[in-house]
Each structure stands twice: as C-alpha cells, then as structure tokens.
Amino acid sequence: MRIVVLVSGTGSNLQAVIDAVTSGELDVEIAAVGADREGTYGVERSSEAGLETFVVNFNSFPTRDEWDAALTDRVASYAPDVVVSSGFMRIVSADFIEAFNGKYLNTHPALLPAFPGAHGVRDAMAYGVKVTGCTVHWADAGVDTGPIIAQEAVAIEPGETEETLHERIKVVERRLLVSTLAALAAAQKPA
Ligand code: GRF
C-alpha cells in the first residue's frame, strides 16, 4: 500500500508512521510527505528519514482553488492508495477527495462528531466534557466529517491544561493511526 502523508506542523504522528515502517511493524510504502507551508518540523523529519518531500505552499497561490489543484496534481503524481492527513490543517476540495477515490484518511484529537475543527482539544475542555479522545476517519470535503474507522477515549484529568491533554491524546492518536494503516494494508494485500 502506497501512502502520501500531508503535514502542517510538528509531524509527531508522521514520525510514528515512519518509525513503524522502519521497525517492520507497518508494511506500507511512504511514497512522499507533503506540507502546505515552508519550514515545518514535519518536513524536516521526512527529509531526515530520506523520504521524498514536497511543499505546495498555500500562500504562493492567488486562490484556494489553484492551490488545491496544484496539491491534487502533486499528490496524484505519487499514485498513492491512501492519502493521510496527519495534522494537515487545510480543508481540501471535493475534487481532491474524488481524485484519490475517497481514500483520504484524517486523524482528529476529539471524539467526532463532537468538537470538529482546529481546536478540538480546547473546545472539549471549554465544554467541560469528562471524556474526549481521538478519531481516525475517511475524510470528505467537510470539516472533520466522513465515515469513522476507529476511535479511542481519553479521560480528562483534574488540573489538566490543553497542552497536557493534547499530548496524552496524541500518544493514543499515533497508535490508532498506525494500527488503522496496518489493518488497511493487510486488507489490501492479495491472499
Ligand atoms: C494532531 O493531534 C492532529 O490530530 C491535529 O494536530 C495534531 C498534529 O500533531 N490536527 P503532529 O503534527 O502530528 O505532531
């Protein structure tokens, strides 16, 4: 199974995927890692691992549609079976989703459909829920919408901050992303 991983930030989920591939736990080929902006730690991690790395910089395009089309072309050039949004903080178009046959996987640090959007951890804390968690799902063109593949709950501890909670969620999120990719890869292998 060939994957392209998209990142916007620190890329700790990406690192978990790279580590799992390196150790042999995860039988996928990382065809490329891409970012929507320059200078992300995610891209640095990718280059350090010797992976094909690219940037389709959102700010270099006059319109969102042009950026989206350029991203679609670039990702399609690697012929991935699955595209992984691993902390990729941009909404993509329905055309992008369709170009990859609906195989656009996203991870989100909350129990969807609760608390979608860029601040899933903060919003869950602000609401006062006692349990939140993370979700791995097939993404459609909405904000953190689409069929759910896997979820795991994380209890909110007394005295927790957004940062401590997000870090604890991300530990679970990395494991869930790797196990989901492993299951998809196993399902795709010819018997
Ligand atoms: C993850 O919690 C992801 O779900 C969210 O942003 C975080 C990305 O972390 N959208 P990283 O870049 O993989 O470290």
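The values are calculated or read from the model by the stated rules, or taken from the named source; none is laboratory data. Predicted model, so just to flag it, every value in this text is computed and none were measured. Virtual Cβ from ideal backbone geometry, glycine too; neighbours counted across all protein chains shown. All accessible areas refer to the heavy atoms of the entire protein, side chains included, with ligands and DNA or RNA removed. Shrake-Rupley method; radii C 1.70, N 1.55, O 1.52, S 1.80 Å.
Among 127-136, 50-59, 3-12, how do they line up by average Cβ neighbours within 10 Å per residue, starting with the highest? Walk me through the numbers before you get to the answer.
Working: 127-136: 17.2, 50-59: 14.7, 3-12: 22.3.
By packing density, highest mean first, the sequence is 3-12, 127-136, 50-59.
Quick one: pull the percent of accessible area on the chain belonging to carbon and sulfur, 1.4 Å probe, ligands and nucleic acids left out. The partial results should precede the final answer.
Values: 4890 of 9090 Å².
On the chain, the fraction of accessible area on carbon and sulfur atoms equals 54 percent.
Can you list the lysines whose alpha carbon sits under 18 Å from that of residue 170, skipping same-chain ones fewer than 8 residues off?
130
Under 19 Å between alpha carbons, and skipping anything fewer than 8 positions from residue 103 in its own chain: which lysines qualify?
Of all the lysines, those that pass the test against residue 103 - Cα under 19 Å, at least 8 places apart if same chain - are 189.
GluC sites (Glu not before Pro), restricted to the range 108-191: which are DSSP loop and have at most 16 other Cβ atoms within 10 Å?
Within the range 108-191, the qualifying GluC sites (Glu not before Pro) (loop, at most 16 other Cβ atoms within 10 Å) are 160.
Mind checking the full-extension length gain between residue 10 and residue 182? Use 0.36 nm per residue of separation minus the Cα-Cα distance, one decimal, nm. The partial results should precede the final answer.
Working: separation 172, 0.36 × 172 = 61.92 nm, distance 2.25 nm.
The span from residue 10 to residue 182 would gain 59.7 nm if fully extended.
Using alpha-carbon positions, what is the distance between the centroids of the range 20-60 and the range 77-127, in Å?
17 Å
Work out how much length residue 55 to residue 127 would gain on full extension: take 0.36 nm times their residue separation and subtract the Cα-Cα distance, in nm to one decimal. Can you show the working numbers first?
Values: separation 72, 0.36 × 72 = 25.92 nm, distance 3.59 nm.
Working it through step by step, the gained length comes to 22.3 nm.
Quick check: pseudo-label points 7 Å beyond the Cα along Cα→Cβ at residue 140 and residue 77, how many nm apart are they?
Result for the modelled spin labels: 3.1 nm.
Tell me the mean residue ellipticity at 222 nm calculated for the chain from its helices only (DSSP H runs of n ≥ 4, each -39500 (n - 2.57), averaged over every residue, nearest 500).
Details: 6 runs with 74 residues, N = 191.
That calculation yields -12000 deg cm²/dmol at 222 nm.
Rg and Dmax of the range 85-191, using alpha carbons, in Å: what are they?
Both quantities, over Cα of the range 85-191: 14.5, 50 Å.
With r defined as the distance between the Cβ atoms of residue 118 and residue 161 and R0 fixed at 30 Å, what FRET efficiency is calculated, to the nearest 0.05?
Numbers: r = 18 Å, r/R0 = 0.59.
Taking R0 as 30 Å, the efficiency between residue 118 and residue 161 is 0.95.
From the protein chains alone at 1.4 Å, what is the descending order of accessible area for 170, 189, largest first?
Working: 170 30, 189 120 Å².
Greatest to least solvent exposure: 189, 170.
Can you give the extra length, in nm with one decimal, that the chain gains between residue 48 and residue 150 once fully stretched, where that is 0.36 nm per residue apart less the Cα-Cα distance? Mind dumping the intermediate values first?
Values: separation 102, 0.36 × 102 = 36.72 nm, distance 2.98 nm.
Result for the pair: 33.7 nm of gain on full extension.
Evaluate the range 2-188: find the radius of gyration of its Cα atoms, find its Kirkwood radius, and give the ratio Rg to Rh. Spell out each step's value before the answer.
Details: Rg = 15.9 Å, Rh = 16.7 Å.
Radius of gyration over Kirkwood radius for the range 2-188 works out to 0.95.
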